[in-house]
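A short reminder: the numbers here are calculations on the coordinates, not readings from a lab. Since the model is a prediction, treat every value here as computed from it, not as a measurement. Note that each Cβ is placed from the backbone with ideal geometry, even for glycine, and that neighbours are counted across all protein chains shown.
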Amino acid sequence: MTLQILHTSDWHLGSRFGAFKATDAQTLGRARFDALDQVFGLAQQRSVDALLCAGDLFDCAKPSEAWWGPLLRRFEAWPVAQRCPVFLLPGNHDPLNEGSVWSVGHPFRRQLPDFVHVVDKVGYQFELPGGAVLFATPVMSQAGAGDPTASFPAREPGDERIRIGLAHGMTHAIAGQTRHFPIDPNAAQNKGLDYLALGDLHSTQEVRSGLGATVYCGALDPVKFGEDGAGTAALVFFRRAGRPPLIRHEPVGQWRWRNERVESMEQLRALRQGNDLARTVLKLSLRLTVSLEERREIDQLLELLLGTEATHGMVGIVQSVDKSELRVAPHLDQFANLPELLEKTARRIDGAANRGELDAAVAQRALYHLYQLANRGPS
């Protein structure tokens, strides 16, 4: 008895990315379908026996056709000879409720091919190839305190089937977040599941409990900074019931999100050496004190990384660059060989700052611009 499944979750089709400018938000939204194409390609390449999505396919319960239409067309284009059962589980972002995309009368649900199944009731069960069985329960609201795995039956004596659970919720608390739909961390062991496929946590996490495994496969792609484990799907191979499954986390994501706090010139210089910068979303914070010459170098490095109105940068998408804690420590000897007027101006600015007659930050900027002018650098 062998069985191979592909476990995905948290596609979040329709995410708006409101913190980004419109063109970048559109790029990130479209990239989710690129990642989804990787998932479907992997499922077809490996001829999996089932594809599971553990909730939050859409970012809301009533997405526009612009989001459910392309997904529907991808299901319709799936080669007939490779069609395996696909299971779509409503999550807390796209719960199963009246008028949602999962409603029986909704055009998306109505047009789904026969091999695509929506988990639309508590205690859902489905017989999989090879005598395996799937248990699942949908999320029906955006928040709740019930454990979605509570409806799964325990393994009966003599039941030698491969038993797989599919649910959306949290097995543990995360600081600063309300824990909705709490899932018993020991549910796989208590219910006699060989594998519990979970969604909600956007990073990968794998917990072995007895012979079973409780697995968060990670979101399709990050939707915010800090989701470093997102961008994967779990390819799971079962040899038989009662034996630990083999799990491989496959990369499917399109973008790396990096929140960089730069505290040295070496860190900033190293950024331009990073891999796949064209597929990087960057949030940059400069928190260092530099010389006037290093300040010029920073401008040059930022131009390379971020681009200008006329040139492309090395980084694909930049959310923000915070220079509020970038300080310049000017040395007057750097003005010593300049024309006398510029040197005197620099000394007057420095003296006014030292006497408290001029704000220190204003003085630093003035000296830097004077240095730029003297060296004919970019303004």
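Among His12, His7, His172, the order by Cβ neighbours within 10 angstrom, fewest to most, reads His172, His12, His7. Taking the number of Cβ atoms within 10 Å of each Cβ as an exposure proxy, the fewest-first ranking of Asp94, Asp159, Asp276 is Asp276, Asp159, Asp94.
Using only DSSP helix segments of four residues or longer, with each worth -39500 (n - 2.57), what per-residue ellipticity at 222 nm results for the chain after dividing by its residue count and rounding to 500?
-8000 deg cm²/dmol
Of all lysines in the structure, not one has an alpha carbon short of 18 Å from that of Lys62, not counting any fewer than 8 places away in one chain. Expressed as a fraction of 2.2 N^0.38 Å, the value expected for a compact globular protein of N residues, the C-alpha radius of gyration of region 282-331 is 1.21.
Approximating the spin labels as points 7 Å out from Cα along Cα→Cβ, the Glu127-to-Ala19 distance works out to 4.9 nm.
The ranking of Met265, Met170 by Cβ neighbour count inside 10 Å, starting from the fewest, reads Met265, Met170.
Taking 0.36 nm per residue of sequence separation and removing the Cα-Cα distance, the Val321/Ser64 pair yields an extension gain of 89.2 nm. Peptides 139-147, 45-53, 24-32, 103-111 ranked from most to least packed by the mean count of surrounding Cβ atoms within 10 Å: 45-53, 24-32, 139-147, 103-111.
Relative to the longest principal axis of the Cα atoms of the chain, helix 292-306 runs at roughly 30 degrees. List the relative contact order of the chain as a percent without decimals, with contacts defined as Cα pairs under 8 Å and 6+ residues apart. This gives 13 percent for the chain. Among beta bridges identified by DSSP and lying wholly in the chain, the antiparallel ones come to about 35 percent.
Packing here is the average count of other Cβ atoms within 10 Å per residue, and on that basis the peptides 187-198, 316-327, 219-230, highest first, run 187-198, 219-230, 316-327. Computed about its Cα centre, the charge dipole of region 3-251 is approximately 240 debye, with only Lys, Arg, Asp and Glu carrying charge at their Cβ. Seen against the Cα atoms of the chain and their longest principal axis, helix 22-45 is set at about 40 degrees. Candidates Ala61, Leu13, Ala77 compared by Cα position along the dipole of the chain: farthest toward the positive end lies Ala77, with charges placed on Cβ.
Measure nothing but the geometry: give the 0 to 90° angle between the long axis through the Cα atoms of 340-354 and the longest principal axis through the Cα atoms of the chain, rounded to 10°. With rounding to tens, the tilt is 60 degrees.
Subtracting the Cα-Cα distance of Lys224 and Glu294 from their residue separation scaled by 0.36 nm leaves 22.1 nm.
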